[in-house]
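J.: Sharing a structure with you now.
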């Protein structure tokens, strides 16, 4: 593909509550076996983008560990490769990334030294499949300066955490409003953009000169009348996981056969780091209903409408309902867990009871294990 | 000059004809095992876990699956700048080209491969055993005894000893006698087919025996070295080791994995077994499903009921279906309201709706009674079983069968249906 890729994975927000204490949102485990960033990375790889930069800032340890080898997504070639850019102190700058545009400005060398004519910018917190070549075709056909991938939201309750757009009939964006308190619009930006590389460099340099640092506010919103900004409507599944509620809901969506078929069975695949766990084991007393179970799990109890990530141990007589149990958790015998998200590596004592009221309760417990 | 202290030569060329239709299209080492693995993963993982990073894999019979699986050795960290894994098929020479005619002959034909690593020791392995073993400890033992050959051996029940090559040792574990499948065994120490040779001893023996027909380690090389008064030692191994060369031992070894705390435990962090991962997604268990005492591979979708079984990755078991005491390998699809009892079903098989497997009383197999016994139904890879048929015990099926192949909708116990002209 005639484009390089950039994944903005630096962000954090308060709406992930304790879940983001441990990791950047892009490193959140999703759908049993994956991390959130796998979706954008796999889409880039499957769109034949060969050179991809991941821009990280907030708590990148977990993310860096996940990206320690680029072979899982088929990068790491002689042409191109996977680059991870964390802020560093240089002769010119001793700032953290002050915004999305600033994070690009601080890595301008990557943009300048590439030769591909286009840049695909995506975020690390979207769960979707997309062939960016289709967006590029649309971008060229419309003779657009910037193309924004947008999604019409059925559920309006979440709209105020996105950028909303309105557009003309042929798709030109006329209005962009970032995280409005009130709006009657229902089409949101997915944070996926295509732009000519040279134009991006020009806009980023200009914004930096004016001490402006945010891509949406200082570039998209300011230039919407001067530059031709078009919207590409995404019709297929797309979900953003960056609140506890949407994270929970997105995971639970995978209990639908259609969603699973779309992501797990239909070509092309989503890739992730492979960790060589043995297959899941169901002992006597296990009773699993309508749930996802990942490799390395050992189940001795009841699991209903839940998602067990990798290497979970569920003790005897446990009941787990409507919950998400993240990697490497140990659930002691006779525990009852309902409507919870159990943090990775948690070790829950025998006879524990956790029930989330309303929105899912986040459980972190680290007890020493006595076998 | 390149120098590797010990390299491994892994014999993976045999057909494994005692696995019947399971090996009609794949070599035995490439047969799936334990819901995720292939048999060859065990010796390969043992090698890398023991610090051996140079492994020659000798292939001959149906190597496609094996070649694809091994690739350049990435899953086992055997993609190396120097050494790593090398697949060694038989090749044409200017004169006397031949297939690998025996285990030792195969190694002899690859003397040049071994020579380029300038080894002190060569480890000979076979690709059909399930075990975890630290070859480094065996090498230390070899060195401590100043041995020429060390043979790994394990105690077996004396009544089974006549199935194995038996070693008889003195008080220092030096081998004083060697008997191949003796009628009246005088010891219960069975050779595991794992040898460490000091390189010069191996090289000289192979060259000396180069004209031996079907030159074999057990039959020719070991007896020859013995006659030459070489120092042969037995390394006694007491861990889990299973030869999965027959359908019943293959079935048993899989079933042992589902015990509450299996003797052979795949869930320990120490001494991991690596494999090429074909499926990434988690498995789904539906609201009507029930699973007990089973292991299930990644990406499978279970809508039916599964008891005491080992299910591979990417398998679909539809609603109303009951699977018991069976092994189902990856990417096989089982229809609705089907009953499967004590069956081994290979990869990419399609089983229709309302099928019954393993019905009726046992009867001797009409085709190969020595292979298809123990009451198992065995179905070869890529086979198709149509809707509504019944299949008895000690049976074998291979190929795309249709309702016409089943007399009165039934394959009676002991029957065989083999299509597509494959001679198995």
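No value in this document is a laboratory result; all are computed from the given coordinates. Note that the structure is a prediction, hence the values are computed from the model and not measured. Quick reminder, even Gly has a Cβ in these numbers, built from the backbone with ideal geometry, and neighbours come from all protein chains shown.
J.: Contact order normalised by length for the stretch A:1-137, with contacts defined as Cα pairs under 8 Å and 6 or more residues apart; what percent is it? Don't skip to the answer; put the middle values down first.
T.: Details: 210 pairs, mean separation 52.8, N = 137.
Taking the mean separation of contacting Cα pairs over the length of the stretch A:1-137, I get 39 percent.
J.: Quickly estimate the mean residue ellipticity at 222 nm for chain B, helices only: each DSSP H run with n ≥ 4 gives -39500 (n - 2.57), and the total goes over all residues, rounded to 500. All intermediate terms of the calculation are to be shown ahead of the outcome.
T.: Values: 8 runs with 63 residues, N = 424.
Calculated from helices alone, the mean residue ellipticity at 222 nm is -4000 deg cm²/dmol.
J.: Between the stretch A:127-153 and the stretch B:311-372, what is the separation of their alpha carbon centroids in Å?
T.: When both Cα centres are located, 47 Å separates them.
J.: Could you calculate the contour length gain from residue A:158 to residue A:95, that is, 0.36 nm times the residue separation minus the distance between their Cα atoms, to one decimal place in nm? Display every interim value, and only then the final one.
T.: Details: separation 63, 0.36 × 63 = 22.68 nm, distance 3.24 nm.
So the extension gain works out to 19.4 nm.
J.: Taking a ≥ b ≥ c as the square roots of the eigenvalues of the Cα gyration tensor of the stretch A:281-363, is the shape rounded (a/c under 1.5), prolate (a/b larger than b/c) or oblate?
T.: Working: a/c = 1.35, a/b = 1.29, b/c = 1.04.
Verdict is rounded for the stretch A:281-363.
J.: Would you mind calculating the gained length between residue B:17 and residue B:82 on full extension (0.36 nm times residue separation, minus the Cα-Cα distance), in nm to one decimal?
T.: Details: separation 65, 0.36 × 65 = 23.40 nm, distance 3.55 nm.
This chain segment gains 19.9 nm when fully extended.
J.: Moving to a separate point now. Looking at the stretch A:3-264 from every direction and averaging, what is the projected area of its Cα convex hull in nm²?
T.: Over all viewing directions, the stretch A:3-264 projects a mean Cα-hull area of 13.9 nm².
J.: Please state the relative contact order of the stretch A:281-363 as a whole percent: Cα pairs under 8 Å, 6+ residues apart?
T.: Details: 265 pairs, mean separation 16.6, N = 83.
Computed value for the stretch A:281-363: 20 percent relative contact order.
J.: Between residue B:270 and residue B:144, what is 0.36 nm times their sequence separation minus the Cα-Cα distance? Round to one decimal in nm.
T.: 42.7 nm
J.: If you take the beta carbon distance between residue B:211 and residue B:180 as r and set R0 to 25 Å, what does 1/(1 + (r/R0)^6) give as a FRET efficiency, to the nearest 0.05? Kindly include the intermediate steps, with their values, before the conclusion.
T.: Numbers: r = 21 Å, r/R0 = 0.85.
The pair residue B:211/residue B:180 has a calculated efficiency of 0.75.
J.: For chain B, set up a GNM with springs between Cα atoms under 10 Å and report which of B:29, B:369, B:75 has the largest fluctuation.
T.: Top of the fluctuation ranking is B:369.
J.: What shape does the stretch A:113-152 have by the C-alpha gyration tensor, where a ≥ b ≥ c are the square roots of the eigenvalues, rounded means a/c under 1.5, and otherwise prolate means a/b greater than b/c and oblate the rest?
T.: Working: a/c = 2.02, a/b = 1.23, b/c = 1.64.
Note, shape of the stretch A:113-152 comes out oblate.
J.: Among the DSSP beta bridges whose two residues both lie in the protein assembly as shown, what percent are antiparallel, rounded to the nearest 5? If you can, show how the numbers build up before the last one.
T.: On the way: 52 of 164 bridges.
That works out to approximately 30 percent antiparallel.
J.: Would you please give the FRET efficiency between residue B:97 and residue A:14, computed as 1/(1 + (r/R0)^6) with r the Cβ-Cβ distance and R0 = 60 Å, to the nearest 0.05? Provide the component values of the computation, followed by the final result.
T.: Working: r = 72 Å, r/R0 = 1.21.
Using R0 = 60 Å, I get an efficiency of 0.25.
J.: Then there's this: Only helical DSSP H runs with n ≥ 4 go in: add -39500 (n - 2.57) per run for chain A, normalise by residue count and round the 222 nm mean residue ellipticity to 500 deg cm²/dmol.
T.: Working: 8 runs with 65 residues, N = 371.
Rounded to the nearest 500, it is -4500 deg cm²/dmol.
J.: Okay, next question. Rounded to the nearest 5, what is the percent of antiparallel bridges among the DSSP beta bridges in chain B? Before the final figure, lay out the partial values.
T.: Working: 23 of 85 bridges.
Restricted to chain B, the bridges split so that about 25 percent are antiparallel.
J.: Just to confirm the number: angle between the C-alpha axis of helix B:247-256 and the first principal axis of chain B, 0 to 90 degrees, nearest 10?
T.: Once rounded, one gets 80 degrees.
J.: Continuing with the same structure: Pull up the DSSP beta bridges for the stretch A:3-264 and report the antiparallel fraction as a percent, rounded to 5. Could the numbers behind the result be given before it?
T.: Numbers: 23 of 43 bridges.
Among the beta bridges of the stretch A:3-264, antiparallel pairing accounts for roughly 55 percent.
J.: What is the Cα coordinate range of chain B on the first, second and third principal axes, sorted by size from largest, in whole angstrom?
T.: Result for chain B: principal-axis Cα extents of 64, 49, 45 Å.
J.: Just want the ordering: A:250, A:347, from fewest to most Cβ atoms lying within 10 Å of their own Cβ. Write out the running numbers ahead of the final one.
T.: On the way: A:250 22, A:347 15.
If I rank by nearby Cβ atoms, fewest first, I get A:347, A:250.
J.: Within 10 Å of each residue's Cβ, count the other Cβ atoms and sort A:294, B:198 from fewest upward.
T.: Numbers: A:294 26, B:198 20.
Result, fewest neighbours first: B:198, A:294.
J.: Sticking with this one: Pairs of Cα atoms under 8 Å, at least six residues apart: use those to get the relative contact order of the stretch A:3-264, whole percent.
T.: Details: 459 pairs, mean separation 59.3, N = 262.
Rounded, it is 23 percent for the stretch A:3-264.
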